[in-house]
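The structure under discussion appears below in the form of structure tokens.
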Amino acid sequence: MRLYSSNMAPIGEKSAMAASAERENDDDESQNLWSTILSEVSSHSSSKLPSCKSILVLGEDETGKTTLLSRLQGIEDPKKGYGLEYLYLDVRDEDRDDTTRCGVWILSGENEHEDLLRYALRADNLEHTLVIIAVDMSRPWQVMDSLQKWTQVIRRHVDSLRIPPEQLRELEQRLVQQFQAYTEPESGQDQSATRRTSTAAQSAATGDEETVVLPLGETTLTHNLGVPIVVVVTKSDAVSSLEKEQDYRDEHLDFLQQHIRKFCLNYGAALFYVSVKENKNCDLLNKYLLHRLYDFPFSTSALVVEKDALFVPSGWDNLQKISILYENMSNIDPEKPFDEVIVKPVVRRLLQDNKEVVAEDEQVFLMKQQAALRNVAQGKAGEAGQRPPDRGMRTPEKRNVQNVANVSPITPQGKTKIDPGKPGSANEGVLANFFNSLLSKKSVGSPSPGGPKTGGDKAVRNDAAAELDRMTRVKKGVAGTAPSPDVS
């Protein structure tokens, strides 16, 4: 027997339908719960700080790139690398209570390291990278050449990445919109207003009709590289030394500033004058980098009053504001070429450059010394032959024979030879030549070494005594005394 309810449906079938409806309700609730969880996770993940942002630092060597980034890190003792350095900056968002790391690549200034850019600037991270070009205020004559060099390096590298034209145009358009959407913060403005500035730029990118942007100037972003650029003039404390040592005046500094600002206007770049030594604008630079990369609050307007602490944000400058500098340049034409006003000083080197000296062969050196000694000996012998006789008044009695023996060198043949050029020898050139001629003559009866003595030595002594006696009489005659007759 089957039981029916009031609606004529079996009681068993009604119970089954109720259970099925309950299961469907449970499935709907569980699905809604998962949707809620996924939406929360998605919204939380979208609010997290991105970890793909990076900074590329370019510049010549000794411009203080590593020192500057170490100052931004909070490191007191920086370690300088070689080629392509890598470090990171800790980023913390107080509003979102989130942290991340921003990678920093520092490229050396040598041209051969340009190929290392393929590791730092790639097609997949081009839109997430900001480029810093560092130039040195202590060498202002190199500033413009350095800026031109590194922007050309970026252009060549971006062209080598073979990015699709549509993507590259999108990156270039983002820079144009960021430049156009800049609004100068007012005094006392809330820091969150700068985030609204970035939102306005995004609205302009989506084509919002309510957003009104001004057109770019004729020299603004004429060289659009597709990546944001910040020009950092390091060692701004060198301005005082330039004024003292190089005789720089305010006109020279204004001339330099207007050239750099015009360059930044062409590339849509921001400009900073910083000094790590005096801690000028370092913290401001750090805040601006986080603002451009992570959309952090930033409420500092342009600073163009202090000549060593300049700050010009991207989007603020134009040719009309730059022309204000011309008022103080009464003695310098702003249109003159840069290298005619900012001239590199001439450095006079007292010492010559150290060149490599290759030592000659030992035997060649000794042969040269031997030839030099031989020439000296021949020169002395020639001088002895050309020396005129000394007519001084000296008697044989006052002559010290022992001195002659002491200064007479011993020849290899065992004969004593008088050197007329040596001090202490006989002053009379004739007497010296006579003795040398006697010693050079070979006596017929000269004994052999170790043999018995013959009469040769006695004959030589007799000849020497006779010659001395004759010279004594001649000297007395020259002195006015009549010579005695020769009775010998």
Checking Leu89, Leu49 in turn, the sole residue that is open to solvent by less than 50 Å² (accessible area, probe 1.4 Å), in contact with a Leu (Cβ under 9 Å, 6 or more places away or on another chain), aliphatic (A, V, I, L, M) and modelled with pLDDT of 80 or more turns out to be Leu89
### Test: Arg92 is more than 22 Å from the chain's Cα centre (by Cα) and assigned to a strand (DSSP E or B)
yes
Only one of (1) closer than 30 Å to Asp237 by Cα; (2) touching a Cys at 6+ places or on another chain (Cβ under 6 Å) does not apply to His128, and that is (1)
- request: Could you tell me whether any residue of region 56-70 is at pLDDT 90 or above, open to solvent by 70 Å² or more (accessible area, probe 1.4 Å) and over 18 Å from Leu130 (Cα atoms)?
  value: yes
Over region 322-343, the set of residues touching a residue at least 60 places away in the same chain (Cβ under 8 Å) and open to solvent by less than 60 Å² (accessible area, probe 1.4 Å) is Ile322, Leu325, Met329, Ile332, Pro334, Phe338, Val341, Ile342
Restricted to region 305-319 and to residues being out of contact with any helix residue (DSSP H, G or I) (no Cβ under 8 Å at 6 or more places or on another chain) and either hydroxyl-bearing (Ser, Thr, Tyr) or more than 17 Å from Leu242 (Cα to Cα) (or both), the residue surrounded by the fewest Cβ atoms within 10 Å (Cβ to Cβ) is Val305
Looking across region 234-291 at residues that are hydroxyl-bearing (Ser, Thr, Tyr) and open to solvent by 20 Å² or more (accessible area, probe 1.4 Å), the single one that is farthest from the chain's Cα centre (by Cα) is Tyr267
Condition set aromatic (Phe, Trp, Tyr) and part of a loop (DSSP other than H, G, I, E, B), scope region 289-345, selection farthest from Pro140 (Cα to Cα): answer is Phe296
Matching residues in region 138-175 (open to solvent by 40 Å² or more (accessible area, probe 1.4 Å), part of a helix (DSSP H, G or I) and not polar (S, T, N, Q)) number 12
Scanning region 72-86 for residues that are open to solvent by 30 Å² or more (accessible area, probe 1.4 Å), under 21 Å from Ser146 (Cβ atoms) and not in a loop (DSSP other than H, G, I, E, B) gives Leu84
Among (1) assigned to a strand (DSSP E or B); (2) under 21 Å from Asn281 (Cα atoms); (3) open to solvent by 100 Å² or more (accessible area, probe 1.4 Å), Arg101 falls short only on (2)
query = Regarding Thr220, is this residue modelled with pLDDT of 95 or more, within 22 Å of Pro337 (Cα to Cα) and surrounded by 13 or more Cβ atoms within 10 Å (Cβ to Cβ)?
reply = no
Scanning region 120-130 for residues that are touching a Leu at 6+ places or on another chain (Cβ under 9 Å) and farther than 22 Å from Ser146 by Cα, the one least open to solvent (accessible area, probe 1.4 Å) turns out to be Leu126
For Ser108, the lone unmet condition from (1) free of Cβ contacts under 8 Å to residues at least 60 places away in the same chain; (2) surrounded by fewer than 18 Cβ atoms within 10 Å (Cβ to Cβ) is (2)
I'd like to check something: does region 365-383 contain any residue that is at pLDDT 90 or above and open to solvent by 60 Å² or more (accessible area, probe 1.4 Å)? no
Of those in region 353-364 that are among the hydrophobic types (A, V, I, L, M, F, W, C) and part of a loop (DSSP other than H, G, I, E, B), the residue surrounded by the fewest Cβ atoms within 10 Å (Cβ to Cβ) is Val358
Report whether or not Ile133 is touching a Lys or Arg at 6+ places or on another chain (Cβ under 6 Å) and outside any loop (DSSP other than H, G, I, E, B). no
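The values are calculated or read from the model by the stated rules, or taken from the named source; none is laboratory data. Predicted, not measured: the structure shown is a model, and the values here were computed from it. Neighbour counts are summed over all protein chains in view; Cβ atoms, including those assigned to glycine, are modelled from backbone coordinates with ideal geometry. Heads up: the accessible areas ignore ligands, DNA and RNA and are worked out on the full protein's heavy atoms, side chains in. Shrake-Rupley method; radii C 1.70, N 1.55, O 1.52, S 1.80 Å.
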